[in-house]
Amino acid sequence: MHPNPIFRKETARQNMQFALDRGFGTLTCAGDPWPLASHVPFVKGPGDSVEFHMVRSNPICRVAPAPALLAVTGPDGYISPDWYRIADQVPTWNYLAVHLRGRIEALPVETLRDHLDRLSATFEQRLLPKKPWSAAKMTPEALARMMRMILPFRLVIEDVQGTWKFSQNKPDAARLSAADHVAPDLAVLMRAAGAGPEQ
């Protein structure tokens, strides 16, 4: 996470909302001999928590409960100093990243079906006007077989930090010039990033 406060003005609530809207991140925790990581879709849980599931063979399943970090990223891209059209600049990388820190807890297996239904409903809703898929379309035998392979978990969130690095430390004209050269999703964020220092 970039330490410059100009890139860290969003509130914990804004950072959390981005993470929930994204709904996918990299879960990491300590392991032996290497740190463990898993890429998980997630949904809002009760209070300050998110809920997700992992395949039973995932080594993170065997270390919970444990401290963990869920990194949720947005658009990112390389920024060439030429694009700023001002002298004495260096290359950089613009990005959006939110870190959710807390503790992983295993949930009762009996909660798995409800979790899966909420997860699929959340993401199917984003596909409207497509008729939403639901687990009811599966045979009970196939659904039960799939559910035996996964376990439900919760991350109880204790800290939320975000970096929204979109060249806000550059004059407006330089930032907007660079935005003309990046992917559309990153360009939108760079153009909306607000005023930089005086030219």
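Rule-based calculations on the coordinates, nothing more; no lab input. These numbers come from a predicted model, not from an experiment. For neighbour counting, all protein chains shown are included, and Cβ atoms are generated from backbone atoms with ideal geometry for every residue, glycine included.
One residue is enough: does the range 5-26 have a residue meeting the conditions among the aliphatic types (A, V, I, L, M) and within 15 Å of Ala106 (Cα to Cα)? No, there is no match, as no residue in the range 5-26 is among the aliphatic types (A, V, I, L, M) and within 15 Å of Ala106 (Cα to Cα). Condition check: under 19 Å from Leu151 (Cβ atoms), surrounded by 15 or more Cβ atoms within 10 Å (Cβ to Cβ) and hydrophobic (A, V, I, L, M, F, W, C). Does Val55 satisfy that? No, not satisfied.
Output the residue which, of all residues in the range 80-134 that are among the β-branched types (Val, Ile, Thr) and outside any strand (DSSP E or B), is surrounded by the fewest Cβ atoms within 10 Å (Cβ to Cβ). Here the answer is Val90.
Within the range 60-72, being crowded, with 17+ Cβ neighbours inside 10 Å and in contact with a Lys or Arg (Cβ under 9 Å, 6 or more places away or on another chain) holds for Ala64, Ala68, Leu69, Leu70, Val72. Taking the range 40-72 as the range and being touching a helix residue (DSSP H, G or I) at 6+ places or on another chain (Cβ under 9 Å), more than 16 Å from Arg13 (Cα to Cα) and in a loop (DSSP other than H, G, I, E, B) as the test, only Phe42 passes.
Which residue is surrounded by the most Cβ atoms within 10 Å (Cβ to Cβ), if the candidates are limited to the range 135-179 and must be touching a strand residue (DSSP E or B) at 6+ places or on another chain (Cβ under 8 Å) and hydroxyl-bearing (Ser, Thr, Tyr)? Before you say what the answer is, go through the steps one by one.
Applying the first criterion (touching a strand residue (DSSP E or B) at 6+ places or on another chain (Cβ under 8 Å)) to the range 135-179 yields 149-167, 178.
Pick out the ones that are also hydroxyl-bearing (Ser, Thr, Tyr) and you get 163, 167.
Values: Thr163: 19, Ser167: 24.
The residue in question is Ser167.
Residue pairs whose Cβ atoms lie under 9 Å apart, separated by 6 or more positions or on different chains, with the first residue in the range 112-139 and closer than 20 Å to Leu151 by Cβ and the second of a type in the set (Lys, Arg) and surrounded by 14 or more Cβ atoms within 10 Å (Cβ to Cβ), are Arg118/Lys44; Thr122/Lys44; Ala135/Arg113.
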